[in-house]
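Visitor: Following this message is one structure expressed as structure tokens.
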Amino acid sequence: MKLYRYSHRTPNFEDFNRMTKELEEFIRSDFSDEWPERLAEIQRFQTEDGGFAYVDDWRIESDARVEFCYKPTYLCTAILMKASIVRLLSQDGMECLKKGLLKSTGREFRGHGYEAEEGLEEAMHIFNLGLAGKFVEDYPNLCPEFTSLYSSTVDYLCSTGRY
């Protein structure tokens, strides 16, 4: 797995889709010898602001921002969450995770425009692949903003019968 960042002016949608597919497969995998190497790649890919965007600038159209900035941030953060639960993350990895959690709260897990609710459900699905329920139980204070948003989103989805 190799993660790349492109200029927002010259996106590579084929590569974006490949990376997303690889991250989705990785989060569903069992822990193996490849995990440490892949976790290191994810940590290397994180930007200073805590995100894991495929493009170099978050100031792009809302639908593209959700798909190519937030979704990879959710996936990478969820992978780090899952790794933290089984104690595969170093202290640096936990700091990386903390930054990713905070960046993940930027849209309150919602999609763009008319797809806001669909995006919310997709984000929660991704986080649940990363064992988010167990994570917020074990590490509620690592990123209180994430813990609060995750918990309130679960409550909201339960109240609407979608969780």
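Visitor: Counting just the residues of the stretch 88-146 that are under 13 Å from the mean Cα position of the chain (by Cα) and at positive phi, which one comes out most open to solvent (accessible area, probe 1.4 Å)?
Guide: Step by step, filter the stretch 88-146, then rank; the result is 108.
Visitor: Which residues, taken from the stretch 48-64, are touching a residue at least 40 places away in the same chain (Cβ under 8 Å) and within 30 Å of residue 87 (Cβ to Cβ)?
Guide: 49, 50, 51, 52, 53, 54
Visitor: Looking for whichever is modelled with pLDDT of 95 or more, among the charged types (D, E, K, R) and out of contact with any Ser or Thr (no Cβ under 9 Å at 6 or more places or on another chain) here; the options are 59, 18, 65. Which one fits? So that I can check it myself, show each step before the final result.
Guide: Details: 59 fails: modelled with pLDDT of 95 or more; 65 fails: modelled with pLDDT of 95 or more.
Selected residue: 18, the only one of 59, 18, 65 that is modelled with pLDDT of 95 or more, among the charged types (D, E, K, R) and out of contact with any Ser or Thr (no Cβ under 9 Å at 6 or more places or on another chain).
Visitor: Open to solvent by 50 Å² or more (accessible area, probe 1.4 Å) and outside any loop (DSSP other than H, G, I, E, B) - does that describe any residue in the stretch 43-57?
Guide: Within the stretch 43-57 (the criterion being open to solvent by 50 Å² or more (accessible area, probe 1.4 Å) and outside any loop (DSSP other than H, G, I, E, B)), the answer is yes, since at least one residue qualifies.
Visitor: Next question. If I filter the stretch 1-22 down to residues being open to solvent by 20 Å² or more (accessible area, probe 1.4 Å) and in a helix (DSSP H, G or I), which single residue comes out as nearest to residue 125 (Cα to Cα)?
Guide: In this case the residue turns out to be 21.
Visitor: Any idea how many residues of the stretch 23-42 are assigned to a loop (DSSP other than H, G, I, E, B), free of Cβ contacts under 8 Å to residues at least 12 places away in the same chain and either aliphatic (A, V, I, L, M) or open to solvent by 40 Å² or more (accessible area, probe 1.4 Å) (or both)?
Guide: Of the residues in the stretch 23-42, 3 are assigned to a loop (DSSP other than H, G, I, E, B), free of Cβ contacts under 8 Å to residues at least 12 places away in the same chain and either aliphatic (A, V, I, L, M) or open to solvent by 40 Å² or more (accessible area, probe 1.4 Å) (or both).
Visitor: Residue check: is residue 82 more than 27 Å from residue 61 (Cα to Cα) and of a type in the set (D, E, K, R)? Can you show your working first?
Guide: Numbers: more than 27 Å from residue 61 (Cα to Cα): yes; of a type in the set (D, E, K, R): yes.
When the stated conditions are applied, residue 82 passes them.
Visitor: Please state which of the following conditions residue 127 fails to meet, knowing it meets all the rest: (1) in contact (Cβ under 8 Å) with a residue 12 or more places away in the chain; (2) farther than 14 Å from residue 104 by Cα; (3) not basic (Lys, Arg).
Guide: Condition not satisfied by residue 127: (2).
The values are calculated or read from the model by the stated rules, or taken from the named source; none is laboratory data. Predicted, not measured: the structure shown is a model, and the values here were computed from it. Using ideal geometry, Cβ is built from the backbone for each residue, glycine included, and neighbour counts are taken over all protein chains shown. The accessibility values were calculated without ligands, DNA or RNA, using every heavy atom of the protein model including side chains. Shrake-Rupley method; radii C 1.70, N 1.55, O 1.52, S 1.80 Å.
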